[in-house]
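A quick write-up on the structure given underneath.
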Amino acid sequence: MPVFNHRIELDHPVEEVFDWHTRSGAFQRLTPPWEEVRIRSQDTGIQEGSRVVLGLKKGPAELRWEVEHTEFQENRRFVDEQRSGPFAHWRHEHRFEPLTDGRTAVEDVVDWAPPLGSLGRTFSEGFIRRTLQRLFAFRGRRLANDLELHRRYRRTGALKVAVTGSTGMIGSALVHFLRSGGHQVTRVSRSQKEGGDWVHWDPAAGEIDAGGLEGMDAVVHLAGEPIAGIRWTRAKKEAILRSREDGTALLSRTLAELDRPPRTLISASGVDYYGDRGDEPLNEGAAPGTGFLADVCRRWEKATHPARAVGIRTVHLRTGLVLSPSGGVLGTILLPFKLGLGGRLGSGRQYASWIDLDDHVGLILHLLGTPEVRGAVNSTAPNPVPNASFTDTLGRVLGRMTILPAPALAIEALLGQMGRELLLQGQRVLPEKALSSGYAFLFEDLEDSLRHQLGRTGDEQ
């Protein structure tokens, strides 16, 4: 029966590392973003007898995988075993070894057997081993990064944070990141959910459960109508603007009227605030640009006035291209690039101001724990690149040619104003406030970020 081992050493005490694994959100943080995995049901904790049922999306089909935790020894080990699923056998032992100087070794030992007996061993064993190498290389780096980020801001203590847009790509990642770090997170959602972890709101109807926001330390506002994917009709543009301006105004008025308002409001915005600026370096003091999205961003930020007026520290998070294969622009373009159909957009000279998803949620934690920062903050990596460079780097990471450019005329003919403002225009945005306030980026290099997010580090070879 094949056995797979992976070991890392962490500069954290064993109690801290083990405790992280027991918290809500830890499993999601260790799930690679290039895999489509849904939690169908999950018991609380990782003690013996608790179970997790997963849905693994493979093409049009979804595989059901049920795993039970069978052994648990605090600060030393826990084990999960397959009860039903894609393998003939699966047992995963997580070992935690205290080292000198308060450090910890984490070793994952997986013994497994592929399906279909000898036929499976012949045709799938090598593939499964390479998949495990990719998986655990990603898990090890993300675990080390998350533990380091939470250590940096431990002085803040456990925070109570409400998050709007909590089911989107960024919102979901933020919720799991904060919860696994020991913070208490409440989702603000249109869905009617029972329990203390949800607050209902319907910004289109002007409805919000104000009582559910009393006593929060902070609110992170990420909700808004998606802007990519289809041509902007008049109705679509109105929905984009109204969802941001009206939703932000409703939330800000509500927070301002609370008996116990939050100390901090972090409200999303976008680098589109600066308009199309060529290769001009742009920090947070740069003047606003022109265009539909620039106007949306200005009005979006202005809508936080009621919260600012009563002294709530307000941060406008001007967000660039957030890199994750689980959604956003990268998730959209991956398939054509994997098929060798990717290429530069238009001239390729327009700048892409990108940020790794792990840095984006890390920067939000930094802003939650850095009370002197307020106003606009650019959420972008320090090294923006032209679209042509972005295209070449993604092709190199995927091992694919990028020789099929998309002409500007074709993009505008197909996608109209959306294609022009989102794909053909750009901004060279620099994170001056993030850096000057002490945030240390995990990923400053584009290729390093893409290899991490796509599991293409080379460890799988």
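Tally the residues that are within 25 Å of the chain's Cα centre (by Cα), of a type in the set (D, E, K, R) and in a loop (DSSP other than H, G, I, E, B), restricting the search to the range 195-236. Within the range 195-236, residues that are within 25 Å of the chain's Cα centre (by Cα), of a type in the set (D, E, K, R) and in a loop (DSSP other than H, G, I, E, B) number 3.
Consider Tyr274 carefully, then state whether it is crowded, with 22+ Cβ neighbours inside 10 Å, at pLDDT 95 or above, in contact with a strand residue (DSSP E or B) (Cβ under 9 Å, 6 or more places away or on another chain) and under 19 Å from Ser449 (Cβ atoms). So Tyr274 does not fit the description; no.
This table checks each residue for (1) buried (at least 16 other Cβ atoms within 10 Å of the Cβ); (2) of a type in the set (D, E, K, R); (3) touching a Phe, Trp or Tyr at 6+ places or on another chain (Cβ under 9 Å); (4) within 30 Å of His12 (Cβ to Cβ).
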| position | (1), (2), (3), (4) |
| --- | --- |
| Lys57 | no, yes, no, no |
| Glu107 | no, yes, yes, yes |
| Asp111 | no, yes, yes, yes |
| Leu135 | yes, no, no, yes |
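Does Val185 satisfy being closer than 20 Å to Thr22 by Cβ, among the hydrophobic types (A, V, I, L, M, F, W, C), surrounded by 15 or more Cβ atoms within 10 Å (Cβ to Cβ) and outside the structural domain of Trp20 (by TED's automatic domain parsing)? Yes, satisfied.
Against the test of being free of Cβ contacts under 8 Å to residues at least 40 places away in the same chain, among the acidic types (Asp, Glu) and assigned by TED's automatic domain parsing to the domain that holds Glu372, the options Glu238, Glu257, Glu245, Glu284 yield a single qualifying residue, Glu238. Is it true that Gly327 is small (Gly, Ala, Ser) and closer than 23 Å to Gln417 by Cβ? Yes. Checking each residue of the range 233-243 against the condition of being buried (at least 23 other Cβ atoms within 10 Å of the Cβ), of a type in the set (A, V, I, L, M) and closer than 22 Å to Thr167 by Cβ gives no match.
Tell me, which strands (runs of 3 or more DSSP E) wholly within the range 1-89 include 3 or more residues that are assigned by TED's automatic domain parsing to the domain that holds Leu135 and either β-branched (Val, Ile, Thr) or within 27 Å of Ser324 (Cβ to Cβ) (or both)? Spell out how you get there, then give the answer.
Details: elements: 3-10, 37-42, 51-58, 61-73, 77-84.
Filter on the range 1-89 gives 3-10, 37-42, 51-58, 61-73.
Scanning the range 277-293 for residues that are in contact with a helix residue (DSSP H, G or I) (Cβ under 7 Å, 6 or more places away or on another chain) and either surrounded by 19 or more Cβ atoms within 10 Å (Cβ to Cβ) or under 15 Å from Val377 (Cβ atoms) (or both) gives Leu282, Asn283, Glu284, Ala286, Gly289, Leu293.
Enumerate the strands (runs of 3 or more DSSP E) found wholly within the range 294-361, keeping only those where 1 or more residues are surrounded by 21 or more Cβ atoms within 10 Å (Cβ to Cβ) and acidic (Asp, Glu).
Values: elements: 313-319, 321-323, 354-356.
In the range 294-361, the matching strands (runs of 3 or more DSSP E) lie at 354-356.
Any idea which of Arg155, Arg179, Arg139 is within 22 Å of Glu16 (Cα to Cα), modelled with pLDDT under 95 and in a helix (DSSP H, G or I)? Explain how you work it out, then say what you get.
On the way: Arg179 fails: modelled with pLDDT under 95; Arg139 fails: modelled with pLDDT under 95.
Answer to the check: Arg155.
Taking the residues in the range 305-346 that are over 19 Å from Leu293 (Cβ atoms), among the charged types (D, E, K, R) and touching a helix residue (DSSP H, G or I) at 6+ places or on another chain (Cβ under 7 Å) as candidates, determine which candidate is modelled with the lowest pLDDT. Per the criteria, the residue is Lys338. Residues of the range 158-176 that are part of a helix (DSSP H, G or I) and in contact with a helix residue (DSSP H, G or I) (Cβ under 7 Å, 6 or more places away or on another chain): Met169, Ile170, Ala173, Leu174, His176.
Taken over the range 148-187, the residue count meeting the criterion of being free of Cβ contacts under 8 Å to residues at least 60 places away in the same chain and of a type in the set (Val, Ile, Thr) is 4. For the range 113-128, filtered to residues that are surrounded by 15 or more Cβ atoms within 10 Å (Cβ to Cβ) and modelled with pLDDT of 80 or more, the residue that is nearest to Pro13 (Cα to Cα) is Ile128.
Just to be sure, is His94 under 20 Å from Leu30 (Cα atoms), at pLDDT 95 or above and part of a strand (DSSP E or B)? Spelling it out, His94 is indeed under 20 Å from Leu30 (Cα atoms), at pLDDT 95 or above and part of a strand (DSSP E or B). Figure legend. Inter-residue proximity from the range 5-17: first residues touching a residue at least 60 places away in the same chain (Cβ under 8 Å), second residues among the hydroxyl-bearing types (Ser, Thr, Tyr), beta-carbon distance below 7 Å, spacing 6+ or different chains. Indicated pairs: Leu10/Thr104; His12/Thr104; Pro13/Thr104; Val14/Thr104; Val17/Thr104.
The values are calculated or read from the model by the stated rules, or taken from the named source; none is laboratory data. Bear in mind the structure is a predicted one, so any value in this text is a computation, not a measurement. As a convention, Cβ positions derive from the backbone with ideal geometry for all residues, glycine included, and neighbour counts pool all protein chains shown.
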